[in-house]
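Structure record follows, encoded as structure tokens.
The values are calculated or read from the model by the stated rules, or taken from the named source; none is laboratory data. Since the structure is predicted, the reported quantities are computational estimates derived from the model, not experimental observations. So basically every Cβ, Gly included, is an ideal-geometry build from the backbone, and we count neighbours across all protein chains shown. To get the accessible areas, we keep the full protein, side chains included, count just its heavy atoms, and leave off ligands, DNA and RNA. Shrake-Rupley method; radii C 1.70, N 1.55, O 1.52, S 1.80 Å.
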Amino acid sequence: MLIRHVNEPRESEVTDRRLYAGRRGILAGGAAFALAGLTPARAAPLDVTPAAPLPNDKTTPLDKITSYNNFYEFGYGKDDPEAYAGKLTTRPWLVVVDGACQKPTTFAIEDLLRMNLQQRIYRHRCVEAWSMVIPWVGFPLADLLAKVEPTGSAKYVAFKTLLRPAEMPGQRSASLSWPYVEGLRLDEAMHDLTLLAVGIYGETLPNQDGAPIRLVTPWKYGFKGIKSIVAIHLQETQPATTWNIEAPNEYGFYANVNPEVDHPRWSQAKERRIGEFSRRDTLMFNGYAEQVAPLYAGMDLRKNF
Ligand SMILES: Nc1nc2c(c(=O)[nH]1)N[C@H]1C(S)=C(S)[C@@H](COP(=O)(O)O)O[C@H]1N2
Ligand SMILES: [Mo]
């Protein structure tokens, strides 16, 4: 089922957003809504500082980013999230940040939308060997963690997705253990590349991409990017993660993109960029080795996959 929404851009508008990413694009988007006399029901413009594009990587069009998704709370199919996630209510929305910290705090989504929002164009590589390039809007997770003042015993960060089977049909069956959970080591969580994303292409996140707030760790496989987060917990021990619970021999805690370590059922050496024909080589740490390789110095990446 494909429903057209007023805020869904046509191809020409996607190009516009690419050219005018940042403040000009936002003003243009706002003006378009005003002219049409509409309030943006599902996407709202965000106040963002633009980012430099990645060399040799074209940004994936918005219609591809919002129609080819993994979000098992809404079904297994790549088109299920677009078809069913529209029913998810994302207001009011609270994110509890607690555990090993001095100032545990519950944040309303409105507060998080007032953080220092930036556009970051990142490669996005699914463990299933497809990829995209996404202009996220978000803020460093480190900025949020700083507000709660982690204590010395905080070694890991655990994340939890909303549990609401009434609005998430996938949660009415045991396709995965619900709620979806993920985790990072504290140094990974504090790394400047690690974002909490609240938007794409200068507007609030579409539900199918994890509204209203989701994790983005661009050097890791996509499944680490937990969507629709309601809880962030600082702790001393390594957290359980959904795909590791599901199939521990296939999905490890680290999940760093690594073309040299195959998935037990397929190679990870190449990937299909959504919207392109030929496959391309997968890059070590998804192309972010210079920034993140030091986090794993001395670790056996075959064992810690
Ligand atoms: N809560 C939740 N988060 C999730 C998933 C999910 O099923 N549930 N799927 C993951 C997987 S496998 C991928 S590849 C990315 C996909 O993000 P995208 O649909 O925005 O491209 O979301 C991740 N986050
Ligand atoms: Mo994935």
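Quick rundown of the values:
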{"read-out": "Filtered residue count, the stretch 244-273, keeping only those that are part of a loop (DSSP other than H, G, I, E, B) and farther than 14 Å from residue 182 by Cβ", "value": "15"}
{"read-out": "Residue 286, sole failed condition from (1) part of a helix (DSSP H, G or I); (2) over 20 Å from the mean Cα position of the chain (by Cα)", "value": "(2)"}
{"read-out": "Tabulated pairs, the stretch 172-183, first farther than 11 Å from residue 246 by Cα and at pLDDT 95 or above, second surrounded by fewer than 17 Cβ atoms within 10 Å (Cβ to Cβ) and of a type in the set (Gly, Ala, Ser), C-beta under 9 angstrom, 6+ apart or interchain", "value": "172/166; 181/240; 183/240"}
{"read-out": "Matching residues, the stretch 68-106, being of a type in the set (S, T, N, Q), under 18 Å from residue 162 (Cα atoms) and away from ligand 2 (no atom under 16 Å from the Cβ)", "value": "89, 90, 105, 106"}
{"read-out": "Residues within the stretch 94-122 that are basic (Lys, Arg) and either within 12 Å of ligand 1 (Cβ to nearest atom) or not in a strand (DSSP E or B) (or both), tallied", "value": "2"}
{"read-out": "Strands (runs of 3 or more DSSP E) wholly inside the stretch 146-213 containing at least 2 residues that are under 19 Å from the mean Cα position of the chain (by Cα) and within 19 Å of residue 112 (Cα to Cα)", "value": "156-161, 195-200"}
{"read-out": "Residue that is nearest to residue 66 (Cα to Cα), among those in the stretch 174-198 that are more than 13 Å from ligand 1 (Cβ to nearest atom) and open to solvent by 10 Å² or more (accessible area, probe 1.4 Å)", "value": "193"}
{"read-out": "Filtered residues of the stretch 45-91 (kept if touching an Asp or Glu at 6+ places or on another chain (Cβ under 9 Å), within 21 Å of residue 133 (Cα to Cα) and exposed (fewer than 15 other Cβ atoms within 10 Å of the Cβ))", "value": "58"}
{"read-out": "Residue within the stretch 179-198 that is away from ligand 2 (no atom under 16 Å from the Cβ) and over 30 Å from residue 283 (Cβ atoms) present", "value": "yes"}
{"read-out": "Boolean, residue 226 is within 16 Å of ligand 2 (Cβ to nearest atom), open to solvent by 40 Å² or more (accessible area, probe 1.4 Å), of a type in the set (A, V, I, L, M) and closer than 30 Å to residue 105 by Cβ", "value": "no"}
{"read-out": "Tabulated pairs, the stretch 268-280, first within 11 Å of residue 125 (Cβ to Cβ), second open to solvent by less than 60 Å² (accessible area, probe 1.4 Å) and acidic (Asp, Glu), C-beta under 9 angstrom, 6+ apart or interchain", "value": "273/57; 280/271"}
{"read-out": "Check on residue 232, within 16 Å of ligand 1 (Cβ to nearest atom), in a strand (DSSP E or B), in contact (Cβ under 8 Å) with a residue 24 or more places away in the chain and out of contact with any Leu (no Cβ under 6 Å at 6 or more places or on another chain)", "value": "yes"}
{"read-out": "Verdict on residue 201 being on the phi > 0 side of the Ramachandran plot, open to solvent by 10 Å² or more (accessible area, probe 1.4 Å), touching a residue at least 24 places away in the same chain (Cβ under 8 Å) and touching a helix residue (DSSP H, G or I) at 6+ places or on another chain (Cβ under 8 Å)", "value": "yes"}
